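The values are calculated or read from the model by the stated rules, or taken from the named source; none is laboratory data. Just so it is clear, the structure is predicted and the values come from calculations on it, not from any experiment. Here the Cβ positions follow ideal geometry from the backbone for every residue, glycine too, while neighbour counts run over all protein chains shown.
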Amino acid sequence: MEPSIAPARVVKVLGRVGARGLLTAVRVELLKFPRIQMLRSVKGPVRLGDIIHIEEALEDVWRPM
């Protein structure tokens, strides 16, 4: 089974994380479900408003029954 890939927009850049500052912590909102926001660590340059593709995004979302 292939992982689900969901596009997401960067809403806020929180700062560098990791031992050497290699990753950037960002808050993203899923384009398919705009009310869902997640915190992610991104490798590489990223700016506010960028569209990134997140693997396994829908499995990480907790939905109440």
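Before moving on, here are some points about what is shown:
- Residue within the range 41-52 that is touching a residue at least 40 places away in the same chain (Cβ under 8 Å) and assigned to a loop (DSSP other than H, G, I, E, B) present: yes
Conditions (1) under 10 Å from the mean Cα position of the chain (by Cα); (2) at pLDDT 95 or above; (3) among the small types (Gly, Ala, Ser), marked per residue:
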residue: Met1; (1), (2), (3): no, no, no
residue: Ser4; (1), (2), (3): no, no, yes
residue: Val11; (1), (2), (3): yes, yes, no
residue: Ala19; (1), (2), (3): no, no, yes
residue: Arg27; (1), (2), (3): yes, yes, no
residue: Leu30; (1), (2), (3): yes, no, no
residue: Phe33; (1), (2), (3): no, no, no
residue: Arg40; (1), (2), (3): yes, no, no
residue: Gly44; (1), (2), (3): no, no, yes
